[in-house]
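Participant: One structure follows; several queries about it will come next.
The values are calculated or read from the model by the stated rules, or taken from the named source; none is laboratory data. What you see is a predicted model, and the numbers here were worked out from it, not measured in a lab. Don't worry about glycine lacking a Cβ; one is built from the backbone with ideal geometry, like all the others, and counts go over all protein chains shown. Each accessible area value is taken on the protein alone, full model and side chains, heavy atoms only, with ligands, DNA and RNA left out. Shrake-Rupley method; radii C 1.70, N 1.55, O 1.52, S 1.80 Å.
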Amino acid sequence: MFNLMKSNMNQIVLLEKIHGNAAALLTEQGFTDVREIGSALSDADLIDALQHASAVGIRSRTHMSATVLDALPNLRTIACFCIGTNQVDLHAACMRGIPVFNAPFSNTRSVAELVIAQAILLLRRIPEKNAMAHRGQWDKDAQGAYEVRNKVVGIIGYGNIGAQVGILAESVGMRVCYFDVDNKLPLGNAQSMSTLDALLRHADVVTLHVPGEAATENIINQERLACMKPSAVLINASRGNVVEIAALDVALRQKKIAGAAIDVFPTEPGNQHEEFISPLRGLDNVILTPHIGGSTEEAQENIGREVADKIARFLRAGTTRSAVNFPEIAYLPKHARHRILHIHRNEPGVIAQMNAAFAAEGLNIVAQQLQTQADIGYAMTDVDTPITDALMTQLRGSPATIRCDYL
Ligand code: NAI
């Protein structure tokens, strides 16, 4: 009989001070070997620490390169307890049969709340009043200070965060319009705008919630800023490269727009010891924050739970739902005592060969699911007869097999 690795025997290593509720959830779920390491590690130390790990939990500072992955044959999954996954070589992980998970939605509310707060502060000209008070000046003038009630917020990118901003904005009496490249269902009384320029002309508060990619680079530039009302304000808590900072700097200094709140920048310091450099420093009508739109205790707690649950589901049942680099198989209750997870190159005949091997061993397939994505396929097969060493050796030895495990 093949030496069955019980799923609660899997070692899970959590690095970089991941919220304690991740380890707590995994322990509650019966995983008995959960280790926590408070920092990121160098490649050599990482390889050493993960030699027996089936799963690793990381944040943004741990780099999982192809070289590191090559030295970790036991590693079955990487869980990023954050939104970004560019610290992991996703393709290399995929081609080694390792699904990567993250927490795309856990901090949505935190970003949306900050945006509403910034809208209120900017329309009231609080950043300027605050800066003046710090300098000993007492400016009680109401000119140019507005309530947000009945003002228009224009949301660029009506996805998870943008839509949530719209809901919160309506709850404080704002009118909501949005522009999205996709056809999005409006929530509440939100109105879709046919063009970005139409939104810019209409809105009192313009807020960006698009992904950072080539198509969104500098979508707010000199021409677009010129479309905005002089009394309007701009908020960017999406990605640093969507606003052309030099153009924004000019627009703010020349009072072409009334203010801005910027949380993300084209170049951000790598750590707290590096100086933050930006032409916007020192402008009284600008709120600058160090990429903390989603950084709240609640978001960290949510991330801890959301990602730990993904590790548990994968190790227990092979579920890859919402993996960022892998064919997705949603949760399937086990239909039989044994489940085989077969990850293979996406080429013709692999499933036929695998099933022929099952038949030759007299295994009856109780349930089977296959999903493919570009280069790889992922097949989950439930069988009711114990799996033999010979069968696993055969499946693992097939040239198309990337990885084969069973639960
Ligand atoms: P999402 O993927 O749910 O929504 C993005 C939306 O933008 C989609 O509806 C998409 O169709 C739309 N879009 C794409 N290109 C567009 C374009 N050129 N014009 C108009 N709409 C366009 O993303 P989610 O979760 O709402 O995140 C939005 C942004 O917020 C991302 O860039 C994300 O990285 C960033 N973010 C920032 C945080 C912070 O700490 N400041 C925290 C969390 C997310």
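Participant: For the range 225-238, which residues satisfy the criterion of being crowded, with 21+ Cβ neighbours inside 10 Å and touching an Asp or Glu at 6+ places or on another chain (Cβ under 9 Å)?
Facilitator: Going through the range 225-238, the residues crowded, with 21+ Cβ neighbours inside 10 Å turn out to be 225, 228, 232-238.
Listed by number, the residues that qualify are LEU225, ALA232, VAL233, ILE235, ASN236, ALA237, SER238.
Participant: Another one. Scanning the range 146-176 for residues that are on the phi > 0 side of the Ramachandran plot and among the small types (Gly, Ala, Ser), which turns out nearest to the ligand (Cβ to nearest atom)?
Facilitator: So the first thing to find is which residues in the range 146-176 are on the phi > 0 side of the Ramachandran plot, and the list is 150, 157, 173.
Those left that are additionally among the small types (Gly, Ala, Ser): 157, 173.
Numbers: GLY157: 3, GLY173: 23 Å.
Restricting to residues being on the phi > 0 side of the Ramachandran plot and among the small types (Gly, Ala, Ser), the top hit is GLY157.
To keep it simple, each residue is scored yes or no on (1) in contact with an Asp or Glu (Cβ under 9 Å, 6 or more places away or on another chain); (2) open to solvent by 60 Å² or more (accessible area, probe 1.4 Å); (3) part of a loop (DSSP other than H, G, I, E, B).
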| residue | (1), (2), (3) |
| --- | --- |
| LEU363 | yes, no, yes |
| ALA379 | no, no, no |
| LEU391 | yes, no, no |
| LEU395 | no, no, no |
| CYS404 | no, no, no |
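Participant: Right, another one. Just checking: which of the strands (runs of 3 or more DSSP E) contained wholly in the range 21-91 hold 1 or more residues that are modelled with pLDDT of 95 or more, among the hydroxyl-bearing types (Ser, Thr, Tyr) and in contact with a strand residue (DSSP E or B) (Cβ under 9 Å, 6 or more places away or on another chain)?
Facilitator: Details: elements: 33-36, 53-58, 77-80.
The strands (runs of 3 or more DSSP E) meeting that bar are 53-58, 77-80.
Participant: Here is a further query. Out of ILE287, ILE292, report the one residue that is out of contact with any Lys or Arg (no Cβ under 6 Å at 6 or more places or on another chain), part of a strand (DSSP E or B) and either modelled with pLDDT under 95 or open to solvent by 10 Å² or more (accessible area, probe 1.4 Å) (or both).
Facilitator: On the way: ILE292 fails: part of a strand (DSSP E or B).
Checking each option against the conditions leaves just ILE287.
Participant: Restricted to the range 70-86, and to residues that are surrounded by fewer than 18 Cβ atoms within 10 Å (Cβ to Cβ) and under 12 Å from the mean Cα position of the chain (by Cα), which residue is nearest to the ligand (Cβ to nearest atom)? So that I can check it myself, show each step before the final result.
Facilitator: Of the residues in the range 70-86, the ones surrounded by fewer than 18 Cβ atoms within 10 Å (Cβ to Cβ) are 70-71, 73-74, 83-84, 86.
Subset that is under 12 Å from the mean Cα position of the chain (by Cα): 83-84, 86.
Numbers: ILE83: 5, GLY84: 7, ASN86: 11 Å.
By that ranking, first place goes to ILE83.
Participant: Could I ask something else about it? Suppose we filter the range 280-336 for residues that are aliphatic (A, V, I, L, M), within 14 Å of PHE105 (Cβ to Cβ) and over 14 Å from the mean Cα position of the chain (by Cα); how many remain? Walk me through how you get there before you give the answer.
Facilitator: So in the range 280-336, the residues aliphatic (A, V, I, L, M) come out as 280, 283, 286-288, 292, 299, 303, 307-308, 311-312, 315, 317, 323-324, 329-330, 332, 336.
Right, trim to within 14 Å of PHE105 (Cβ to Cβ) and you get 299, 303, 307, 324.
If we keep only those that are over 14 Å from the mean Cα position of the chain (by Cα) as well, we get none.
Selection size over the range 280-336: 0.
Participant: Name the residues in the range 256-267 that are under 14 Å from LEU122 (Cβ atoms) and assigned to a loop (DSSP other than H, G, I, E, B), would you? Full working, then the answer.
Facilitator: Of the residues in the range 256-267, the ones under 14 Å from LEU122 (Cβ atoms) are 257-263.
Result: ILE257, ALA258, ASP263.
Participant: Among the numbered conditions (1) of a type outside the set (Val, Ile, Thr); (2) out of contact with any helix residue (DSSP H, G or I) (no Cβ under 9 Å at 6 or more places or on another chain); (3) surrounded by 14 or more Cβ atoms within 10 Å (Cβ to Cβ); (4) within 25 Å of SER295 (Cα to Cα), tell me where ALA49 comes up short.
Facilitator: (4)
Participant: Might you let me know whether the range 94-105 holds any residue that is within 14 Å of the ligand (Cβ to nearest atom), part of a loop (DSSP other than H, G, I, E, B) and buried (at least 21 other Cβ atoms within 10 Å of the Cβ)?
Facilitator: Of the residues in the range 94-105, the ones within 14 Å of the ligand (Cβ to nearest atom) are 102-105.
The next check asks that each one be part of a loop (DSSP other than H, G, I, E, B); those that pass are 102-105.
Imposing the further condition that a residue be buried (at least 21 other Cβ atoms within 10 Å of the Cβ) reduces the set to 102-103.
Checked the range 94-105: at least one residue is within 14 Å of the ligand (Cβ to nearest atom), part of a loop (DSSP other than H, G, I, E, B) and buried (at least 21 other Cβ atoms within 10 Å of the Cβ).
Participant: Sort through PRO348, PRO333, PRO327 and tell me the only one that's part of a loop (DSSP other than H, G, I, E, B), modelled with pLDDT of 95 or more and over 30 Å from LEU121 (Cα atoms).
Facilitator: On the way: PRO348 fails: modelled with pLDDT of 95 or more; PRO333 fails: modelled with pLDDT of 95 or more.
None of the others qualify; the one that does is PRO327.
Participant: Kindly check whether there is at least one residue in the range 182-196 that is of a type in the set (Val, Ile, Thr) and either open to solvent by less than 10 Å² (accessible area, probe 1.4 Å) or away from the ligand (no atom under 13 Å from the Cβ) (or both).
Facilitator: Step one: list which residues in the range 182-196 are of a type in the set (Val, Ile, Thr), which gives 195.
Filter once more, keeping what is either open to solvent by less than 10 Å² (accessible area, probe 1.4 Å) or away from the ligand (no atom under 13 Å from the Cβ) (or both): none.
Checked against the condition, which is being of a type in the set (Val, Ile, Thr) and either open to solvent by less than 10 Å² (accessible area, probe 1.4 Å) or away from the ligand (no atom under 13 Å from the Cβ) (or both), the range 182-196 yields no hits at all.
Participant: Working carefully through the options THR289, THR296, THR267, find the one that is within 24 Å of ASP89 (Cβ to Cβ) and among the hydroxyl-bearing types (Ser, Thr, Tyr).
Facilitator: Details: THR289 fails: within 24 Å of ASP89 (Cβ to Cβ); THR296 fails: within 24 Å of ASP89 (Cβ to Cβ).
Matching residue, one of THR289, THR296, THR267: THR267.
Participant: Can you confirm whether GLN368 is free of Cβ contacts under 8 Å to residues at least 24 places away in the same chain and not assigned by TED's automatic domain parsing to the domain that holds ALA92? Full working, then the answer.
Facilitator: Working: free of Cβ contacts under 8 Å to residues at least 24 places away in the same chain: yes; not assigned by TED's automatic domain parsing to the domain that holds ALA92: yes.
The answer is yes for GLN368.
Participant: Additional query: Of the residues that make up the range 216-224, is at least one near the ligand (Cβ under 9 Å from one of its atoms), of a type outside the set (Ser, Thr, Tyr) and either open to solvent by less than 40 Å² (accessible area, probe 1.4 Å) or outside the structural domain of GLY259 (by TED's automatic domain parsing) (or both)?
Facilitator: Checked the range 216-224: at least one residue is near the ligand (Cβ under 9 Å from one of its atoms), of a type outside the set (Ser, Thr, Tyr) and either open to solvent by less than 40 Å² (accessible area, probe 1.4 Å) or outside the structural domain of GLY259 (by TED's automatic domain parsing) (or both).
Participant: Within the bounds of the range 304-320, is there any residue that is within 14 Å of the ligand (Cβ to nearest atom) and assigned to a loop (DSSP other than H, G, I, E, B)? Break it down stepwise before answering.
Facilitator: Going through the range 304-320, the residues within 14 Å of the ligand (Cβ to nearest atom) turn out to be 306.
Among the residues that remain, those that are also assigned to a loop (DSSP other than H, G, I, E, B) are: none.
There is no residue in the range 304-320 that is within 14 Å of the ligand (Cβ to nearest atom) and assigned to a loop (DSSP other than H, G, I, E, B).
Participant: Further question: Taking the conditions exactly as written (touching a residue at least 24 places away in the same chain (Cβ under 8 Å) and within 15 Å of the ligand (Cβ to nearest atom)), does ASN285 satisfy them or not?
Facilitator: Details: touching a residue at least 24 places away in the same chain (Cβ under 8 Å): yes; within 15 Å of the ligand (Cβ to nearest atom): no.
The answer is no for ASN285.
Participant: If you don't mind, another one. May I ask you to list the residues in the range 126-148 that are touching a residue at least 60 places away in the same chain (Cβ under 8 Å) and open to solvent by 70 Å² or more (accessible area, probe 1.4 Å)? Explain how you work it out, then say what you get.
Facilitator: From the range 126-148, those touching a residue at least 60 places away in the same chain (Cβ under 8 Å) are 127-128, 131-132, 144, 146; that's our starting set.
TYR146 - this is the single residue of the range 126-148 that is touching a residue at least 60 places away in the same chain (Cβ under 8 Å) and open to solvent by 70 Å² or more (accessible area, probe 1.4 Å).
Participant: Same structure again: May I ask you to verify whether VAL210 is within 13 Å of the ligand (Cβ to nearest atom), open to solvent by less than 30 Å² (accessible area, probe 1.4 Å) and touching a helix residue (DSSP H, G or I) at 6+ places or on another chain (Cβ under 7 Å)? Don't jump to the end; show me each part of the working.
Facilitator: Numbers: within 13 Å of the ligand (Cβ to nearest atom): yes; open to solvent by less than 30 Å² (accessible area, probe 1.4 Å): yes; touching a helix residue (DSSP H, G or I) at 6+ places or on another chain (Cβ under 7 Å): yes.
The answer is yes for VAL210.
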